[in-house]
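**Q** Just passing along the structure, written as structure tokens.
The values are calculated or read from the model by the stated rules, or taken from the named source; none is laboratory data. Values in this document were obtained by computation on a predicted structure and should not be read as measured data. Here the Cβ positions follow ideal geometry from the backbone for every residue, glycine too, while neighbour counts run over all protein chains shown.
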């Protein structure tokens, strides 16, 4: 049988790719990429000429059977996302599950994941934490926030710039204005920034300074 490799890619700084990741991407038969334009630039930078195929949330369901059949042969495939580790708030889970169900070997390389540096440098307890990724956009959002309000472990979220103020405002409402928070943006990039304080203080900061970049929000658990 073939093998599926889950290969993390840099979340910003290209120097964060591992030597092993480059080796695997050069040796496999096919690379599945969330966005071939984004990943094409990455592969070109590291002189990787492996064939590239689009695999994202809108087409992954349709591709699973065909990819599993390839992997049942001698085909080796690497799955990458636009940034970070596949299947962490990105495509990857469905194909991984299908491989496990069909007895196909799966290997995940260690590497970049945005929430880890954000959590570690937050100054909040990181021995026990809950990773929530992106909150539901509408259905179930209020219910989820109500459930998380009593969580005593540190909470970790992903958020986009145009929803950051809405999310922080809701956190003040459900978690309390004095709950400690650390918000990191543009991790590993030139304009990396981490803002720490209470939820009300950090909300005020980003109300006065327009949010730009991708964000990781780390909220202290309920005392």
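**Q** Out of the residues in segment 120-131 that are touching a residue at least 12 places away in the same chain (Cβ under 8 Å) and outside any loop (DSSP other than H, G, I, E, B), state the one that is farthest from residue 57 (Cα to Cα).
**A** Residue satisfying both the conditions and the ranking: 129.
Table: residues versus (1) exposed (fewer than 14 other Cβ atoms within 10 Å of the Cβ); (2) modelled with pLDDT of 95 or more; (3) over 23 Å from the mean Cα position of the chain (by Cα).
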{"position": "184", "(1), (2), (3)": "no, yes, no"}
{"position": "190", "(1), (2), (3)": "yes, no, no"}
{"position": "204", "(1), (2), (3)": "yes, yes, yes"}
{"position": "208", "(1), (2), (3)": "yes, yes, yes"}
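**Q** Determine which single condition residue 1 fails, assuming it passes every other condition in (1) over 19 Å from the mean Cα position of the chain (by Cα); (2) crowded, with 16+ Cβ neighbours inside 10 Å.
**A** Of everything listed in (1) over 19 Å from the mean Cα position of the chain (by Cα); (2) crowded, with 16+ Cβ neighbours inside 10 Å, residue 1 misses just condition (2).
**Q** While we're on this one: For segment 182-209, name all the residues that are touching a helix residue (DSSP H, G or I) at 6+ places or on another chain (Cβ under 8 Å) and touching a residue at least 40 places away in the same chain (Cβ under 8 Å).
**A** Of everything in segment 182-209, those that are touching a helix residue (DSSP H, G or I) at 6+ places or on another chain (Cβ under 8 Å) and touching a residue at least 40 places away in the same chain (Cβ under 8 Å) turn out to be 182, 184, 187, 188, 194, 196, 206, 207.
**Q** Give the residue that is farthest from residue 111 (Cα to Cα), with candidates limited to residues of segment 1-35 that are at pLDDT below 95 and touching a strand residue (DSSP E or B) at 6+ places or on another chain (Cβ under 9 Å).
**A** Per the stated criteria, the residue is 1.
**Q** Right, something else. Take residue 67 and decide whether it is touching a strand residue (DSSP E or B) at 6+ places or on another chain (Cβ under 8 Å) and under 23 Å from residue 89 (Cβ atoms). Outline the logic, then answer.
**A** On the way: touching a strand residue (DSSP E or B) at 6+ places or on another chain (Cβ under 8 Å): yes; under 23 Å from residue 89 (Cβ atoms): yes.
Answer is yes for this residue.
**Q** Would you be able to say whether some residue in segment 119-133 is over 24 Å from residue 11 (Cα atoms), in contact with a helix residue (DSSP H, G or I) (Cβ under 6 Å, 6 or more places away or on another chain) and at pLDDT 95 or above?
**A** For segment 119-133, residues over 24 Å from residue 11 (Cα atoms), in contact with a helix residue (DSSP H, G or I) (Cβ under 6 Å, 6 or more places away or on another chain) and at pLDDT 95 or above: absent.
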